[in-house]
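Here is the structure we will look at.
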Amino acid sequence: MRRQAGDFTLRQLDIFVSVARSGSFALAADQLGISQPAVSDHMSTLERHLGYKLFDRRRGTTPVLTREGFEMLQRAETLLSASQPLRGKAAPRDAEEKTTIRLSLGDRSRDLFLRSLMARIYTELPNIEVQIVPAVAPGQIAAALEKRDIDLLLYTIGRPPLRLPNIHVLGDVPILLVGAPETLHLLETGRLAVEDLQFILPDFGGAAEHWLERQLNAAGIRPRRAVRYLDFPDVIQTIVEEGLGVSILTEEQVAPALAEGRLVRFGPELEPMRRIIARSPRAPRAVDALEQLLITEISRQLRHR
């Protein structure tokens with residue numbers, strides 16, 4: 001897509017941010033009081049001016065921000081915030097007040113993304129205190145957000161409830177059936193059947209609601225042994241590398257072990273999980289800054305993989 005001459009408008013940025021935040025052209029149209037075709041036209045015009053796509057979108061699917069879209073979202077919100085005085089919009093008072101943000105995320109997301117951001121949160125968002133709350137099952141997400149039991153959540157999940165307001169699908173997270181090379185040799189020589197393997201799966205604290213186990217059933221694999229769940233994917237990986245079981249782990253976790261031959265993948269392709277971020281409609285304004293930091297950090301890490 002070639003960049004065309006012309007300037008984008010603050011109105012287009014407003015609409016872009018609404019689409020990105022709601023995760024839906026239709027929801028953004030409802031929030032803004034305009035038609036969905038008008039939203040689509042504004043986004044197409046903005047993309048032509050910028051010279052790149054902001055969303056990956058196909059009919060019948062949720063629009064997902066591209067990497068350029070993640071970066072543009074940060075710039076757009078900065079521009080809109082800076083333009084508030086010119087547009088007669090006062091800065092929110094609660095931006096100066098001490099605010100506790102209830103953040104729900106899994107251990108791996110905490111280690112991958114939140115840990116690297118803690119120094120920035122401390123220095124750049126001194127008025128925010130982050131309170132980590134336990135993950136909830138998919139069927140309870142909407143109620144937890146509505147009641148503001150959770151202000152912001154970052155989950156790696158099976159099929160997410162995409163009709164939630166203020167939800168972003170940040171991207172697919174491929175998952176793989178993996179085992180030790182010796183285990184694969186036993187399978188290939190017929191000395192062991194897949195159903196006889198000990199499956200040890202990550203416990204996502206209710207967020208996945210045994211979705212991984214249902215993936216096995218969908219692939220025609222029905223383990224004869226009871227599936228075991230452990231809280232720590234890195235511990236599971238160590239157990240699997242020692243040949244004491246097999247697992248379904250994210251590709252991003254096991255890529256180094258696969259490259260070094262400590263693990264091998266086997267079996268059918270599995271439906272990827274999704275990494276989502278969602279915000280309570282009742283969350284304080286201060287949550288926006290924390291959400292944007294998380295989105296930016298995830299985008300940065302994805303670019304460097």
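Where a number appears in this text, it was derived from the coordinates with a stated rule and is not lab data. Every value quoted in this text rests on a predicted model; they were computed, and no experiment measured them. Heads up, the Cβs are rebuilt from the backbone with ideal geometry, glycines too, and the neighbour counts pull from every protein chain shown.
Assuming R0 = 30 Å, what is the FRET efficiency of ALA193 and THR238, from their Cβ-Cβ distance, to the nearest 0.05?
Efficiency, from the Cβ-Cβ distance: 0.75.
Pull out the extension gain between GLU260 and GLU68, defined as 0.36 nm times the separation in residues minus the alpha carbon to alpha carbon distance; nm, one decimal.
Values: separation 192, 0.36 × 192 = 69.12 nm, distance 3.23 nm.
Going from the current span to full extension adds 65.9 nm.
At what distance in nm do the modelled label points of GLU124 and LEU302 sit from each other, each positioned 7 Å from its Cα along Cα→Cβ?
Each label point lies 7 Å from its Cα, and together they span 1.8 nm.
Ranking request for peptides 106-115, 173-182: highest mean number of other beta-carbon atoms within 10 Å first, then the rest in descending order.
By packing density, highest mean first, the sequence is 173-182, 106-115.
When you count, for each residue, the other Cβ atoms within 10 Å and take the mean per peptide, how do 236-245, 149-158 rank with the highest first?
So the peptides 236-245, 149-158, ranked by packing, come out 149-158, 236-245.
For the chain, return all DSSP H helices satisfying: extent of Cα atoms along own axis at least 20 Å; mean Kyte-Doolittle hydropathy at least 1.6. Before the final figure, lay out the partial values.
Working: long enough: 36-50 (21 Å, -0.65); 67-82 (23 Å, -0.33); 287-303 (24 Å, 0.13).
Span-like helices, by this rule, are absent here.
Arrange the following residues from fewest to most other Cβ atoms within 10 Å of their Cβ: THR183, THR189.
Ordered by Cβ neighbours within 10 Å, fewest first: THR189, THR183.
State the Cα centre-to-centre distance between segment 248-305 and segment 20-69 in whole Å.
23
Based on the inverse mean of 1/r over its pairs of different Cα atoms, what is the Kirkwood hydrodynamic radius of segment 10-82, in Å?
The Cα-based Kirkwood calculation yields 12.1 Å.
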